[in-house]
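Contents: one structure, followed by commentary.
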Amino acid sequence: MNQTPAALLAAVSAVRNMNDIVLGRMKIADGVPVETLSRFGDDIWDLSPAIFHVTARRVARKITFAGIVCPVERLTAKEYIFAWLNERLPDPAGRLQPLQARAALGSLRQFMGFVRDRHGRFDPALVDQVVLDDWLAFQNSRPVLQTRVAACLRSAYQLHRLADILAARAELDGLEAAPSAGIARATSLSERVSRWIAGRWEVGRGMPVWSTPGRMGGICGARAQARNPDGLVLNMQLIALQAQAHPCSLVQNKMVYCMIHDALRDLGPEAGGMDTPISALPETGQPWRSRFDAHTLAHEERQLQTAAYILCAYLTGMRDGEVQAMRPGCLLRSQSADGMTERLAIRSLVFKGRVPEGEQADWVTIAPAARAVLVAECLAARHRPERDDGGIWTVLHRASAKDRGLPHVVRRINEYRDNLDRHFGTPDNPVIPMVDDRTWVFNTRQFRRTVAWHIANRPFGVIAGKIQYKHASVAMFDGYAGSSACGFRQEVEAERHLGQIDDIVTHYEMRLRA
């Protein structure tokens, strides 16, 4: 879990709400009130409502995090156990059973202690291949059955599942908020910079340079962004934050300035330069991008926010205005009567055909959209105090940006398409297939209409669609879903028994979206 100490010391998760129900996706014993179930923010989780083994020991029915003194380790442990209980991780063992949670927490604490003993502290960012190899060697050196070695390694290889982008933002916010006055009085500028350079040399890292030199920061003017003959631009802003100095001081102090450029020549450049590790793509085993700097982080935050918007718009069928009216806390969780199913809904405002200020309504949704809501809330949290609308879709280009209209959203979606093609496609094989030899142009209505066709094609789908889309009548949704002159619904029925449904759906989706 790629969280940094700055984010975790406050014991606030970037991916979980403190009121999330720990057993939210578990079958619960009859008669247990939902309000009594343990929440993510609790330090003791009572798992007994989901444990039906009558012989289970009392000590195995609860797990406690109170004994984990370090806030970083405590929050990491909570996020890890919560995710394994509730998400389908890529693990042959499947979801964690409540009765096994205590043992899983014990294994994780052993691994965190191993990392702490090696580095003096635990930080998920410190977990690299060398640490994993040493952890495996440590397991093999202990009196542990060979069949148990894989289980001992599980906690190590599952820790990387949280988002790099959120971790990088936490790192940068922590650097910017770190007090440096006391350190500045205690040590000289040259000592701090020299120690910082030595630290990068020890771990084999280069000197931070801007990933996009044309968009270098403007701190201290052109002198702070001094170019070298190769066209690289040292990221003085990041160097200053990491060395706990002022960027102008790095430029004005000639000895330090020469020291930094000599280090660039000796160590070489490193694009980005931030410490947050970048996860590897499963397909290639290589990092999905270079390390972050302030500009590339803001860019990826915008892409992540756009991806979250697309998921919400597509998986709920909400109009753009309804999506943009979402506010913090709009994700609702409840249990079915039998306790077997967690129900998810998004609360927002309907404007079409309603009073000018809108009317509150709920849209049923699924887990990917729910996760997208939490990510959007996290991305917008640091900008919300500077805005007066309290929304979760704050444009992350600049904190003061006011451009949030429909044209801007459409532009963001198509920029996201271009970003996917740059990273994962080629000119001859783009990620988003071309139509009639032209790049497909997205708009917000396409998500809503596409899912409407799929809903209408299910049993009782027209009735469900009328409720989900907040239409005044079943006939209105039936027309919206394609029963008009386009012939979509009629051909679906005609071809269903011939096994050609998928081809017909694809063909008419492309025609209708055009």
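Data overview
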| quantity | calculated |
| --- | --- |
| Set 77, 56, 101: member being among the aliphatic types (A, V, I, L, M), free of Cβ contacts under 8 Å to residues at least 60 places away in the same chain and part of a loop (DSSP other than H, G, I, E, B) | 56 |
| Test: residue in the stretch 323-337 that is part of a helix (DSSP H, G or I) and touching a residue at least 24 places away in the same chain (Cβ under 8 Å) | yes |
| Members of the stretch 92-110 found to be at pLDDT below 85, under 21 Å from residue 24 (Cβ atoms) and out of contact with any helix residue (DSSP H, G or I) (no Cβ under 7 Å at 6 or more places or on another chain), listed by number | 93, 94 |
| Residue in the stretch 44-58 that is within 23 Å of residue 167 (Cα to Cα), crowded, with 17+ Cβ neighbours inside 10 Å, out of contact with any Cys (no Cβ under 6 Å at 6 or more places or on another chain) and among the hydrophobic types (A, V, I, L, M, F, W, C) present | no |
| Residue match in the stretch 389-396 (condition: in the same structural domain as residue 302 (by TED's automatic domain parsing), out of contact with any strand residue (DSSP E or B) (no Cβ under 7 Å at 6 or more places or on another chain), β-branched (Val, Ile, Thr) and modelled with pLDDT of 60 or more) | yes |
| Filter result for the condition that a residue is at pLDDT 85 or above, under 30 Å from residue 376 (Cβ atoms) and of a type outside the set (Ser, Thr, Tyr), over 22, 69, 32, 15 | 22 |
| Wholly within the stretch 130-228, helices (runs of 4 or more DSSP H) carrying at least 3 residues that are at pLDDT 80 or above and buried (at least 16 other Cβ atoms within 10 Å of the Cβ) | 164-177, 189-202 |
| Residue within the stretch 252-261 that is at pLDDT 90 or above and either in contact with a Pro (Cβ under 6 Å, 6 or more places away or on another chain) or assigned to a loop (DSSP other than H, G, I, E, B) (or both) present | yes |
| Top-ranked residue in the stretch 339-370 [being of a type in the set (Val, Ile, Thr) and free of Cβ contacts under 8 Å to residues at least 40 places away in the same chain; ranked as surrounded by the fewest Cβ atoms within 10 Å (Cβ to Cβ)] | 355 |
| Of residues in the stretch 290-320 being touching a Leu at 6+ places or on another chain (Cβ under 8 Å) and among the small types (Gly, Ala, Ser), the one farthest from residue 24 (Cα to Cα) | 294 |
| Residue selected from the stretch 364-376 under the condition touching a Lys or Arg at 6+ places or on another chain (Cβ under 9 Å) and at pLDDT 85 or above, by the criterion nearest to residue 29 (Cα to Cα) | 370 |
| Selection count where residues are buried (at least 18 other Cβ atoms within 10 Å of the Cβ) and closer than 15 Å to residue 99 by Cα, scope the stretch 26-37 | 2 |
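The values are calculated or read from the model by the stated rules, or taken from the named source; none is laboratory data. Given the structure is predicted, the values throughout are model-derived calculations rather than measurements. Glycine also receives a Cβ, built like all others from the backbone with ideal geometry; neighbour counts cover every protein chain displayed.
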